[in-house]
Amino acid sequence: MGHGQHANDLAHQLQRLVLRLNRELRAHNAGAGASNADAMLLAEVRHSPGLGVSELAAIENVSRSVMSERVKRLELAGLIASDPGADRRRIALTITEAGRDLLELITARRRAWMAERLTALSPDERQAVQVAVTSLERITGQAGPKTIKSKLGGKTL
(Lines give C-alpha, C1' and ligand atoms only; values in the text may rest on other atoms or scores of the structure.)
Protein backbone atom coordinates (compact mmCIF):
# COMPACT_ATOMS: atom_id res chain seq x y z
CA MET A 1 0.00 0.00 0.00
CA GLY A 2 1.47 3.36 -1.04
CA HIS A 3 1.73 6.43 1.19
CA GLY A 4 -1.08 8.14 -0.72
CA GLN A 5 -3.49 5.24 -0.19
CA HIS A 6 -2.50 5.00 3.48
CA ALA A 7 -3.15 8.74 3.89
CA ASN A 8 -6.56 8.36 2.20
CA ASP A 9 -7.49 5.45 4.46
CA LEU A 10 -6.34 7.35 7.55
CA ALA A 11 -8.29 10.43 6.41
CA HIS A 12 -11.41 8.29 6.01
CA GLN A 13 -11.01 6.77 9.49
CA LEU A 14 -10.40 10.19 11.01
CA GLN A 15 -13.44 11.69 9.29
CA ARG A 16 -15.68 8.89 10.59
CA LEU A 17 -14.24 9.27 14.10
CA VAL A 18 -14.77 13.05 14.12
CA LEU A 19 -18.38 12.58 13.04
CA ARG A 20 -18.99 10.02 15.81
CA LEU A 21 -17.33 12.22 18.43
CA ASN A 22 -19.34 15.21 17.27
CA ARG A 23 -22.56 13.18 17.53
CA GLU A 24 -21.64 12.08 21.07
CA LEU A 25 -20.74 15.60 22.15
CA ARG A 26 -23.93 17.05 20.65
CA ALA A 27 -25.92 14.53 22.66
CA HIS A 28 -24.58 16.17 25.82
CA ASN A 29 -26.34 19.40 24.85
CA ALA A 30 -29.67 17.62 25.27
CA GLY A 31 -31.65 19.16 28.06
CA ALA A 32 -29.25 22.09 28.38
CA GLY A 33 -31.45 24.37 26.28
CA ALA A 34 -29.18 24.91 23.28
CA SER A 35 -28.33 23.11 20.07
CA ASN A 36 -24.75 22.44 19.05
CA ALA A 37 -24.99 25.36 16.60
CA ASP A 38 -26.27 27.61 19.40
CA ALA A 39 -23.41 26.56 21.68
CA MET A 40 -20.87 27.30 18.95
CA LEU A 41 -22.46 30.70 18.32
CA LEU A 42 -22.41 31.53 22.04
CA ALA A 43 -18.75 30.51 22.23
CA GLU A 44 -17.90 32.74 19.26
CA VAL A 45 -19.67 35.75 20.80
CA ARG A 46 -18.03 35.09 24.17
CA HIS A 47 -14.62 34.87 22.50
CA SER A 48 -15.12 38.00 20.37
CA PRO A 49 -17.67 40.33 21.99
CA GLY A 50 -18.94 43.04 19.68
CA LEU A 51 -19.24 40.88 16.57
CA GLY A 52 -22.14 41.70 14.30
CA VAL A 53 -24.60 39.45 12.51
CA SER A 54 -22.76 39.70 9.18
CA GLU A 55 -19.43 38.78 10.79
CA LEU A 56 -20.98 35.80 12.57
CA ALA A 57 -22.65 34.67 9.34
CA ALA A 58 -19.27 34.73 7.59
CA ILE A 59 -17.58 32.83 10.43
CA GLU A 60 -20.31 30.18 10.53
CA ASN A 61 -20.59 30.11 6.72
CA VAL A 62 -24.34 30.74 6.66
CA SER A 63 -26.44 33.47 5.09
CA ARG A 64 -27.00 36.71 6.97
CA SER A 65 -30.74 36.00 7.17
CA VAL A 66 -30.14 32.59 8.78
CA MET A 67 -27.74 34.13 11.30
CA SER A 68 -30.17 36.97 11.99
CA GLU A 69 -32.88 34.45 12.92
CA ARG A 70 -30.48 32.51 15.17
CA VAL A 71 -29.40 35.72 16.89
CA LYS A 72 -33.02 36.81 17.42
CA ARG A 73 -33.84 33.43 18.97
CA LEU A 74 -30.83 33.60 21.33
CA GLU A 75 -31.71 37.19 22.25
CA LEU A 76 -35.30 36.19 23.09
CA ALA A 77 -33.91 33.39 25.25
CA GLY A 78 -31.76 35.95 27.09
CA LEU A 79 -28.47 34.29 26.05
CA ILE A 80 -27.03 37.17 24.02
CA ALA A 81 -27.65 40.90 23.98
CA SER A 82 -27.33 43.44 21.20
CA ASP A 83 -26.00 46.95 21.46
CA PRO A 84 -26.73 49.22 18.49
CA GLY A 85 -23.98 51.63 19.53
CA ALA A 86 -23.29 54.76 17.52
CA ASP A 87 -23.70 53.09 14.11
CA ARG A 88 -27.36 52.05 13.86
CA ARG A 89 -26.57 49.92 10.78
CA ARG A 90 -24.47 47.49 12.83
CA ILE A 91 -25.43 45.77 16.05
CA ALA A 92 -22.67 44.55 18.35
CA LEU A 93 -23.45 41.30 20.15
CA THR A 94 -22.37 40.20 23.62
CA ILE A 95 -23.05 37.08 25.62
CA THR A 96 -25.19 37.51 28.72
CA GLU A 97 -24.56 35.97 32.12
CA ALA A 98 -27.25 33.37 31.31
CA GLY A 99 -25.44 32.61 28.05
CA ARG A 100 -22.13 32.18 29.88
CA ASP A 101 -23.77 29.89 32.43
CA LEU A 102 -25.32 27.74 29.70
CA LEU A 103 -22.05 27.53 27.79
CA GLU A 104 -20.20 26.53 30.98
CA LEU A 105 -22.80 23.81 31.65
CA ILE A 106 -22.46 22.40 28.14
CA THR A 107 -18.67 22.55 28.30
CA ALA A 108 -18.59 20.84 31.70
CA ARG A 109 -20.88 18.04 30.50
CA ARG A 110 -18.81 17.43 27.40
CA ARG A 111 -15.50 17.57 29.25
CA ALA A 112 -16.73 15.17 31.95
CA TRP A 113 -17.91 12.70 29.31
CA MET A 114 -14.58 12.84 27.49
CA ALA A 115 -12.50 12.64 30.70
CA GLU A 116 -14.47 9.57 31.78
CA ARG A 117 -13.73 7.88 28.45
CA LEU A 118 -10.03 8.76 28.68
CA THR A 119 -9.69 7.15 32.12
CA ALA A 120 -10.58 3.81 30.50
CA LEU A 121 -7.35 4.00 28.46
CA SER A 122 -3.94 2.82 29.54
CA PRO A 123 -1.24 5.44 30.19
CA ASP A 124 0.38 4.57 26.84
CA GLU A 125 -2.95 4.99 25.05
CA ARG A 126 -3.54 8.37 26.73
CA GLN A 127 -0.04 9.42 25.62
CA ALA A 128 -0.91 8.34 22.08
CA VAL A 129 -4.12 10.41 22.26
CA GLN A 130 -2.05 13.42 23.42
CA VAL A 131 0.28 13.02 20.44
CA ALA A 132 -2.71 12.68 18.11
CA VAL A 133 -4.41 15.78 19.57
CA THR A 134 -1.25 17.84 19.14
CA SER A 135 -0.91 16.63 15.55
CA LEU A 136 -4.56 17.37 14.80
CA GLU A 137 -4.13 20.88 16.20
CA ARG A 138 -1.32 21.37 13.69
CA ILE A 139 -3.54 20.10 10.87
CA THR A 140 -6.24 22.63 11.78
CA GLY A 141 -3.72 25.42 12.21
CA GLN A 142 -4.52 25.89 15.89
CA ALA A 143 -1.01 25.22 17.12
CA GLY A 144 2.40 26.21 15.92
CA PRO A 145 4.74 23.55 14.61
CA LYS A 146 5.84 21.46 17.53
CA THR A 147 8.23 18.60 17.73
CA ILE A 148 6.82 15.85 19.86
CA LYS A 149 8.98 13.14 21.23
CA SER A 150 6.51 10.48 22.10
CA LYS A 151 6.96 7.65 24.52
CA LEU A 152 6.12 5.46 21.56
CA GLY A 153 9.68 4.53 20.68
CA GLY A 154 11.04 8.04 21.16
CA LYS A 155 10.22 8.96 17.57
CA THR A 156 10.14 12.60 16.61
CA LEU A 157 6.83 13.38 14.97
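The values are calculated or read from the model by the stated rules, or taken from the named source; none is laboratory data. Small disclaimer: the values here were computed from a predicted structure and weren't measured. Neighbour counts run over all protein chains shown; Cβ positions are idealised from the backbone, glycine included. Accessible surface is based on the protein model in full, side chains and every heavy atom, while ligands, DNA and RNA are left aside. Shrake-Rupley method; radii C 1.70, N 1.55, O 1.52, S 1.80 Å.
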When you check GLU75 against the structure, is it within 27 Å of ALA108 (Cβ to Cβ), more than 19 Å from the chain's Cα centre (by Cα) and not hydrophobic (A, V, I, L, M, F, W, C), yes or no? yes
Could you grab the pairs with beta carbons closer than 8 Å, sequence gap of 6+ or different chains, first residue in region 1-16 and in contact (Cβ under 8 Å) with a residue 24 or more places away in the chain and among the aromatic types (Phe, Trp, Tyr), second one part of a helix (DSSP H, G or I) and surrounded by 10 or more Cβ atoms within 10 Å (Cβ to Cβ)? none
Among THR134, THR96, which is the only one that is modelled with pLDDT of 95 or more and surrounded by 13 or more Cβ atoms within 10 Å (Cβ to Cβ)? THR96
I'd like the residue in region 26-70 that is open to solvent by 40 Å² or more (accessible area, probe 1.4 Å) and in contact with a Lys or Arg (Cβ under 6 Å, 6 or more places away or on another chain) and, out of all such residues, is farthest from MET114 (Cα to Cα). SER54
Exactly one of (1) in contact with a Leu (Cβ under 9 Å, 6 or more places away or on another chain); (2) assigned to a helix (DSSP H, G or I) is unmet by ALA34. Its number? (2)
Which number in (1) out of contact with any strand residue (DSSP E or B) (no Cβ under 6 Å at 6 or more places or on another chain); (2) in a loop (DSSP other than H, G, I, E, B) marks the one condition that MET40 misses? (2)
Region 35-53 residues that are touching a residue at least 60 places away in the same chain (Cβ under 8 Å) and under 15 Å from GLU97 (Cβ atoms), paired with ones that are polar (S, T, N, Q) and part of a loop (DSSP other than H, G, I, E, B) (beta carbon under 8 Å, 6 or more apart): none
Members of region 90-112 that are in contact (Cβ under 8 Å) with a residue 60 or more places away in the chain and either farther than 27 Å from GLY33 by Cβ or of a type in the set (Lys, Arg) (or both): ARG109, ARG110
Take the conditions in contact (Cβ under 8 Å) with a residue 12 or more places away in the chain and hydrophobic (A, V, I, L, M, F, W, C) and apply them to ALA115. Does it pass? no
